[in-house]
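Step one of this worksheet: look at the structure below.
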Amino acid sequence: MNKNAFIFNTNKCVGCMACVAGCSITNGTSLQVNWREVNCHNKLRHPSLPVFHFSLACNHCEEAPCMKNCPALAYSRDEKTGAIIHHAEACIGCKYCTWACPYDAPKLNKSTKIVEKCNFCVDRISEGKRPACVEACPVGALEFGQKEITEEDYITPGFVNIGIKPSIQLIPLREEHTTPAIENLDAVEISSEKLESYLPKKESKVSLDKEWTLVLFTLAVAGLASWQAAHLFGKAEMSLIPFAIVSVLAIALTSLHIGKKLRMWRFILNLKGSWLSREIFSFSTFLGLTGLQIITENQMIGYVAMAFGIFSLISVDMVYKFLKRRDGLVLHSGMVTLTAVLLFAWLQEVSILVELIILAKGSLYVWRKIALKKIEIRYFPILSIVRIICLLLPYILLDLEMILPISLIIIFAGEIIDRSEFYHESDVITPENELRILNYKT
């Protein structure tokens with residue numbers, strides 16, 4: 001079936017940025033935010049590598065991950081044109097859509113603290129006109145029209161196809177553009193590491209300096225869920241005031257990560273599609289029911305609270321499904337579900353479960369570091385040794401009396417290291433990242 005779509009010819013694009021300028025002028029975007037970007041393969045124009053560009057904005061996908069995963073329901077589809085529209089008045093600035101989109105279309109405006117993106121020039125195309133970026137292209141590399149898009153239209157090196165049916169037809173490079181003839185047979189061998197060092201350092205969308213509040217929040221979720229479960233089974237004391245203090249701190253930590261704090265209530269509007277909505281809803285419900293359990297001492301309420309606590313742990317791990325692990329592993333030792341089980345086992349003093357979880361977490365951690373070393377990704381050996389010690393030392397001290405508080409402090413220290421490394425070693429899929437990977441493979 002035909003639909004409105006961009007048509008991009010990689011053979012014609014010269015990277016002049018006219019499409020970016022046309023979009024910015026027409027839509028009045030700020031200097032810090034471009035809705036359309038031109039990503040370049042071989043930014044340094046090394047003569048032994050092909051040079052080509054991708055001019056990309058929002059591709060208004062049929063199964064748009066931004067709309068599906070936005071917890072605040074800040075996206076909608078214009079049925080007439082197929083455009084995915086972002087509603088600024090509903091956005092909470094959580095940036096989750098910027099993780100979900102593989103085309104880097106949603107952009108956070110640091111001035112307004114909310115996201116904005118290409119709107120397909122919906123007013124123009126509704127009147128039969130072409131989008132501003134298309135009008136501005138001087139070489140005809142970017143076109144627009146009614147097209148029936150097939151999977152073959154996405155087969156271009158460096159373009160991400162994850163099955164979300166973007167509204168773009170790509171005309172791939174001709175063979176002579178992908179394998180340039182090199183006349184100088186004595187040319188030095190290309191070092192991908194050296195090429196990378198010459199490029200400007202890219203700003204990752206996932207980094208520890210941005211996500212440290214989430215490190216503490218996710219560990220707080222694990223700690224509170226394991227504490228409540230251990231209290232329910234009679235192995236741990238839990239009073240209302242300490243529980244309330246930790247709960248308020250956890251909520252404060254997650255609120256620091258969003259741009260519009262007064263709109264936090266919108267977090268829970270998309271329970272149907274967003275794991276972030278499910279995380280916030282289940283954790284909030286868990287906190288409320290646990291407080292009621294402490295006040296009433298009603299075990300049935302406690303069991304319901306524990307169920308919401310378990311679901312909140314699963315939701316926290318599922319929130320990060322969009323992150324691209326640099327080691328390529330699906331499971332990792334910093335998963336909050338594993339952390340919560342470890343803490344619960346310690347509080348319950350179930351030694352066999354403690355042993356199994358330590359073995360599982362330790363094996364996953366070592367496996368992860370070996371995988372990183374193989375692909376020559378920088379990691380911190382001394383920090384890794386400290387993390388392993390924090391995993392094993394409490395077990396060594398297991399038989400000593402009055403050691404539980406000290407053991408829990410050591411365990412939490414190790415989990416903070418592990419969780420922090422998780423953010424350091426992760427990134428999201430973007431066109432720029434994919435082109436950099438292509439540089440290495442070329």
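Side notes on the structure shown:
- From 281, 267, residue being more than 21 Å from residue 428 (Cβ to Cβ) and either at pLDDT below 95 or surrounded by 17 or more Cβ atoms within 10 Å (Cβ to Cβ) (or both): 281
- Any hit, the range 317-324, residues being in a loop (DSSP other than H, G, I, E, B) and modelled with pLDDT under 95: no
- For the range 135-157, a residue qualifies if it is in contact (Cβ under 8 Å) with a residue 60 or more places away in the chain, open to solvent by less than 20 Å² (accessible area, probe 1.4 Å) and under 30 Å from the mean Cα position of the chain (by Cα), and the qualifying residues are 142, 156.
- Evaluating residue 121 against the criteria (1) crowded, with 23+ Cβ neighbours inside 10 Å; (2) within 18 Å of residue 429 (Cβ to Cβ); (3) of a type outside the set (Lys, Arg) leaves one unmet condition, (2).
The values are calculated or read from the model by the stated rules, or taken from the named source; none is laboratory data. As the structure is a prediction and not an experimental result, all values here were calculated from the model. Glycine also receives a Cβ, built like all others from the backbone with ideal geometry; neighbour counts cover every protein chain displayed. In case anyone asks, the SASA skips ligands and DNA or RNA and just uses the protein heavy atoms, side chains included. Shrake-Rupley method; radii C 1.70, N 1.55, O 1.52, S 1.80 Å.
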